[in-house]
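To keep things clear, I will list the structure first and then write my remarks on it.
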Amino acid sequence: MEHLAIIMDGNGRWAKARGLPRSEGHRAGGETVRRVLGFCKDAGIRYLTLYAFSVENWKRPKEEVEALMSLLVAYLAGEESMLHEHQVRLRVMGQKEDLPEKVQAAIAHVETATVHYERQLILCLSYGGRTEIVSAAKRLAQLAAAGELDPATIDEAAFKGQLYLPDVPDPDLIVRTSGEMRLSNFLLWQASYSEFYVTPVLWPDFNRADFDAALAAFGKRERRYGGL
Ligand code: FPP
């Protein structure tokens with residue numbers, strides 16, 4: 001498997017079950033991110049994409065949004081050495097300009113510092129699949145209006161070229177934790193032929209055995225891409 005994508009769900013429920021504030025669930029979720037990066041290295045997975053903050057997540061209470069943003073800044077500052085150690089390139093996809101200045105600065109710093117590594121950790125921040133598709137359509141329309149693009153030549157490759165990270169291959173497997181059976185606006189374009197695996201385990205509890213079970217299930221799938 002080349003590309004694994006994960007919808008990290010259940011931080012809030014994990015915290016609630018322990019009588020802790022939701023922010024503690026996100027903190028524990030950040031530790032899981034660290035672990036899973038190691039599992040991916042061992043499994044030879046080149047791309048790991050994580051759904052960390054959706055465009056819809058801005059609707060959460062201000063305190064929770066602020067706690068998540070602070071956690072991100074702390075995570076980016078704290079994990080830079082780990083990214084170097086594992087030789088992982090950080091990339092962020094989403095409406096970066098909507099993130100607080102301090103988050104944007106932390107992202108820019110770590111993205112630049114790790115740009116030469118081959119393996120990639122892709123964080124989806126202020127990300128929405130529909131937003132991504134609409135912004136690609138808008139960009140194509142702008143190019144056409146400027147006379148730089150013949151609309152008749154727009155095909156799937158041209159469209160993909162305007163997505164956030166066109167060079168990244170589509171995910172082979174999308175894992176969702178905490179049991180929900182939906183895509184929640186994640187990678188709508190890229191997920192066309194991805195396999196989907198849902199585990200009831202809450203993200204802070206997701207461990208090596210759960211990771212291995214997801215990969216084993218993927219190994220048993222027969223991928224036909226609409227063919228026979
Ligand atoms: C879903 O749990 C999780 C999120 C909305 C945030 C994900 C963030 C992290 C795992 C930590 C920060 C990320 C990094 C990369 C350090 P939920 O709050 O929707 O849980 P619930 O459905 O149980 O309420």
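Only the coordinates and a few stated rules stand behind these numbers; no lab work does. Since the model is a prediction, treat every value here as computed from it, not as a measurement. Ideal geometry is used to build each Cβ from the backbone, glycine not excepted, and the neighbour counts take in all protein chains shown.
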Say whether the condition of being surrounded by 18 or more Cβ atoms within 10 Å (Cβ to Cβ), among the aliphatic types (A, V, I, L, M) and not in a helix (DSSP H, G or I) is met by at least one residue in the stretch 214-222.
no
Being of a type in the set (G, A, S) and in contact (Cβ under 8 Å) with a residue 24 or more places away in the chain, is that true of even one residue in the stretch 164-178?
yes
Just for the stretch 51-73: of the residues that are among the aliphatic types (A, V, I, L, M) and surrounded by fewer than 21 Cβ atoms within 10 Å (Cβ to Cβ), which one is nearest to the ligand (Cβ to nearest atom)?
L71
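Restricting attention to the stretch 143-152, does a residue exist that is small (G, A, S) and within 25 Å of the chain's Cα centre (by Cα)?
Here is the first cut: in the stretch 143-152, the residues small (G, A, S) are 144-147, 152.
Filter once more, keeping what is within 25 Å of the chain's Cα centre (by Cα): none.
Taking every residue of the stretch 143-152 in turn, none turns out to be small (G, A, S) and within 25 Å of the chain's Cα centre (by Cα).
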Would you be able to tell me the number of residues in the stretch 35-59 that are out of contact with any Lys or Arg (no Cβ under 9 Å at 6 or more places or on another chain) and more than 22 Å from M1 (Cα to Cα)?
6
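Collect the residues in the stretch 3-47 that are on the phi > 0 side of the Ramachandran plot and surrounded by 18 or more Cβ atoms within 10 Å (Cβ to Cβ), keeping them in residue-number order. Can you show your working first?
Here is the first cut: in the stretch 3-47, the residues on the phi > 0 side of the Ramachandran plot are 10, 19, 44.
Of everything in the stretch 3-47, just one residue is on the phi > 0 side of the Ramachandran plot and surrounded by 18 or more Cβ atoms within 10 Å (Cβ to Cβ), namely G10.
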Taking only pairs six or more apart or across chains, which ones have beta-carbon atoms under 7 Å, a first residue in the stretch 64-75 that is free of Cβ contacts under 8 Å to residues at least 12 places away in the same chain, and a second residue that is more than 10 Å from the ligand (Cβ to nearest atom) and not basic (K, R)?
V65/W58
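Any chance the stretch 124-138 includes a residue that's basic (K, R) and out of contact with any strand residue (DSSP E or B) (no Cβ under 9 Å at 6 or more places or on another chain)?
So the first thing to find is which residues in the stretch 124-138 are basic (K, R), and the list is 130, 138.
From the residues that got through so far, the ones that are out of contact with any strand residue (DSSP E or B) (no Cβ under 9 Å at 6 or more places or on another chain) too are 130, 138.
Yes, the stretch 124-138 contains a residue that is basic (K, R) and out of contact with any strand residue (DSSP E or B) (no Cβ under 9 Å at 6 or more places or on another chain).
Only one of these is over 19 Å from H116 (Cα atoms) and either in a loop (DSSP other than H, G, I, E, B) or touching a residue at least 40 places away in the same chain (Cβ under 8 Å) (or both): G25, G12, G44. Name it. Before the answer, list the steps.
Details: G12 fails: either in a loop (DSSP other than H, G, I, E, B) or touching a residue at least 40 places away in the same chain (Cβ under 8 Å) (or both); G44 fails: over 19 Å from H116 (Cα atoms).
Exactly one residue qualifies, and that residue is G25.
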In the stretch 83-141, how many residues are within 21 Å of L37 (Cα to Cα) and touching a residue at least 40 places away in the same chain (Cβ under 8 Å)?
14
From the set of residues in the stretch 1-49 that are under 18 Å from the mean Cα position of the chain (by Cα) and among the charged types (D, E, K, R), which is farthest from the ligand (Cβ to nearest atom)?
E2
